[in-house]
Amino acid sequence: MPSPADDAKAVAELDTRYQAAVKINDAAAMAKILHRNMVLVTGSGAIHTREDLLNAARTGASIYEKQDEEPGSQIVRVFGDMAVVTAKLWLLGKTGDRSFNIKLWFSDTYLRTPEGWQYAFGQSSLPLPP
């Protein structure tokens, strides 16, 4: 069994890979990381399933210039077979003809499964004030 520090490092790297996959709309990479029952709840209360996220990536619904964690903001807390990542995220890009440039906080919950760590639940804040 890996140590909690090893688990924290693995989950931190996995979450960083997930954010990078979202940035380039890499649905195949996202699918490997997302738990089959994954759900994201945004600060406005909108709920997005795994399939919603994968379909958005496949269709290129949003084009990202930035989809990056603010350096030094990521913290991983491990609780046995569950880990929670919190970080500040900068999103810059377009959805259709609507541009966005926001920063927000998120919490991503990962579960240890027989296939390895998987992203099971996410929650994001409302956009932070400029």
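One line per residue, one yes/no per condition, for (1) surrounded by fewer than 16 Cβ atoms within 10 Å (Cβ to Cβ); (2) touching a Leu at 6+ places or on another chain (Cβ under 8 Å):
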| residue | (1), (2) |
| --- | --- |
| Ala10 | no, no |
| Glu13 | yes, no |
| Ala27 | no, yes |
| Val41 | yes, no |
| Ser44 | yes, yes |
| Leu53 | no, yes |
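Kindly list, by first and then second residue, each pair from a residue in segment 9-30 that is of a type in the set (S, T, N, Q) to a residue that is surrounded by fewer than 18 Cβ atoms within 10 Å (Cβ to Cβ) and outside any helix (DSSP H, G or I), limited to pairs with Cβ atoms under 6 Å and residues at least 6 apart or on different chains.
Going by the 6 Å Cβ cut-off, the qualifying pairs are Asn25/Gly60.
Counting just the residues of segment 1-52 that are acidic (Asp, Glu) and over 12 Å from the mean Cα position of the chain (by Cα), which one comes out nearest to Tyr64 (Cα to Cα)?
Asp26
Which ones in segment 55-67 are surrounded by 17 or more Cβ atoms within 10 Å (Cβ to Cβ) and either basic (Lys, Arg) or in contact with a helix residue (DSSP H, G or I) (Cβ under 7 Å, 6 or more places away or on another chain) (or both)?
Pass one, segment 55-67, residues surrounded by 17 or more Cβ atoms within 10 Å (Cβ to Cβ): 56-57, 62, 64, 67.
Passing the criteria: Ala57, Ser62, Tyr64, Gln67.
Taking segment 112-130 only, how many residues are more than 17 Å from Gln74 (Cα to Cα) and surrounded by fewer than 17 Cβ atoms within 10 Å (Cβ to Cβ)?
8
Each reported figure results from applying straightforward, stated rules to the coordinates on display, with no laboratory input. Bear in mind that the values here come from a model prediction, so they are computed numbers and not experimental data. Backbone-built Cβ (ideal geometry, glycine too); neighbour counts: all protein chains shown.
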